[in-house]
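J.: This is the structure, below, for whatever I ask next.
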Amino acid sequence: MANCIRCGRQLPGLSFGKKICQWCVQHEAAQRGEVVDDARQPVMRAPWVRRGESTIGLTQVIFGLNAAVFLGMALSASTIMDFSGPELVRWGANLGTLTISGEWWRLLSNVFVHGGIMHIAFNMWCLWNLGALCESLYGRWTYAAIYLICGVGASLASAAWHPYVPSVGASGAIFGLAGALLAAFKLGEFSVPRAALSGTLRSLGAFVVYNLIFGFAIPGIDNAAHIGGLVTGLIVGTLIALLAPQQEHAPRRFAIFVVMLLALVGGADALAHHYGLPLRLRRVNFGHAANLPQPPCGRDAVVRRSLPG
């Protein structure tokens, strides 16, 4: 991410083309007498102050996990451009017929699996920007919980919408981050000028709309996962903004995450019963399902792809 050319502070995600941070913009405007005396100056940590925690952010850790999984897939396959459906399933893709029949771990494992080099490149570019912004706003552990819960919510929506096709990718969770940020900036209280918040909201809104339009227009993009992650993120972000806006509200945030997990478990239970299967954590014979036949075999795979916005 880029740094401010005036003070060296790191610019937030989605600051396309900007070279000066909002702190310096308002500070220089105040020096010119263009800001009213009671205007609040945005509070930003000085670039030379280091926190007690590790300088490696969670976004970099998630980025590394995705890269490590992709490297393992590349070493075991003959190509890195487009992995086959069976390969994706072997590495943990979210194939609804397997997931719903007891392999629920696929709801999370597929978030770290990608269908090819372009797929992971687009998703990691979006993660690097949105993830850094979300981590700086919420803190490391709240950010981790939001990312994982939104990833599961996205995967559950994908399994419900097209249970016969393997789905992979981080973009469902990334859409969840966008949803949480939209809720935070819309409902939260920040010591920054309204113009700065409006610009961030417009950038986030454009990111969501742009990618959803491409998801509907281009075959092979899992918009069910995108919408599922976005809705999950909006709900989580709204609850945090209204009930636990400060990082000191850790017990409240923990309670919010527990409620969200219970809601996702309830959704999984309803989905399993819709197909005549009990909710369990071990594989059952899918052929015994009342409403869902065996999936077709083949190379086709739906991939979640977040294009740069």
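The values are calculated or read from the model by the stated rules, or taken from the named source; none is laboratory data. Computed from a prediction, not measured in an experiment: that's the story for all the values here. Backbone-built Cβ (ideal geometry, glycine too); neighbour counts: all protein chains shown. Ligands, DNA and RNA are stripped out before the accessible areas are found, and what is left, the full protein with its side chains, is counted by its heavy atoms. Shrake-Rupley method; radii C 1.70, N 1.55, O 1.52, S 1.80 Å.
J.: At 1.4 Å probe size, put Val168, Val209, Val69 in order of accessible surface, largest to smallest.
T.: Per-residue accessible area, sorted high to low, gives Val209, Val69, Val168.
J.: A follow-up question, please. With the dipole of the stretch 97-245 worked out from charges on the C-beta (+1 for Lys and Arg, -1 for Asp and Glu) around the Cα centre, which of Ala241, Leu230, His162 lies farthest toward the positive end?
T.: Ala241
J.: Shifting gears a bit: Rounded, prolate or oblate: which fits the stretch 87-160, taking a ≥ b ≥ c as square roots of the Cα gyration tensor eigenvalues, rounded meaning a/c under 1.5, else prolate when a/b beats b/c?
T.: oblate
J.: Which length gain, in nm to one decimal place, applies between Val209 and Ser76 when the Cα-Cα distance is subtracted from 0.36 nm times their residue separation?
T.: 44.3 nm
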